[in-house]
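Input: a single structure, listed below in structure tokens.
The values are calculated or read from the model by the stated rules, or taken from the named source; none is laboratory data. Here the structure is a predicted model, which is why all the values come from computation and not from measurement. FYI the Cβ positions are ideal-geometry reconstructions off the backbone, even for glycines, and counts take in every protein chain you see.
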Amino acid sequence: MPPLRRRLDDVAALATHFAEKHAARNGWAAPTIEPDAIQGLREYHWPGNVRELENTIERAVVLSAGRAITRSAVAIEPVAASAECRVPFLRIRDNVQWAERETIQQALRSCRQKARAATSMGISPRALSYYLAKYSDLEAEEPYFNPSTT
């Protein structure tokens, strides 16, 4: 069976079916789906296929609470263009160390206190001390970071 994005004529019938199904599950009368909402559903490319359409309609049924489903109730956030993930090394261990360093540097820049930086990273101050010893040059890179303000 072809994906939903190639069967846009089925969107209206499927949306109506799912609206009836989820309204009945909540004990509500089936809402009508405004033509503008159907048009919005047809304009989407449905990477999640029929399951994504059902989830969208279920959410719209809950938001409309038995009334007509509007285009704003079926508004689908556009998927942000995924930035290509680039890492500086081919070796995993090198990338893990790079990610650790970058995370610690960002936390130290934003918090300026070891205890707060550790909390923001979800680790203990003792764990942060371990990483600072492991990457001994980190504190030197941040001249405004005062290690005594923990």
Next on the checklist: Can you pull out every residue in the range 103-119 that is more than 17 Å from residue 135 (Cβ to Cβ) and either touching a helix residue (DSSP H, G or I) at 6+ places or on another chain (Cβ under 8 Å) or surrounded by 15 or more Cβ atoms within 10 Å (Cβ to Cβ) (or both)?
Outcome noted: 110, 113, 115, 116, 119
Checklist entry - When you look at residue 100, is it surrounded by fewer than 16 Cβ atoms within 10 Å (Cβ to Cβ) and modelled with pLDDT of 85 or more, yes or no? => result yes
Checklist entry - Only one residue in 24, 12, 19, 30 is surrounded by 14 or more Cβ atoms within 10 Å (Cβ to Cβ), more than 27 Å from the chain's Cα centre (by Cα) and assigned to a helix (DSSP H, G or I). Which one? => result 12
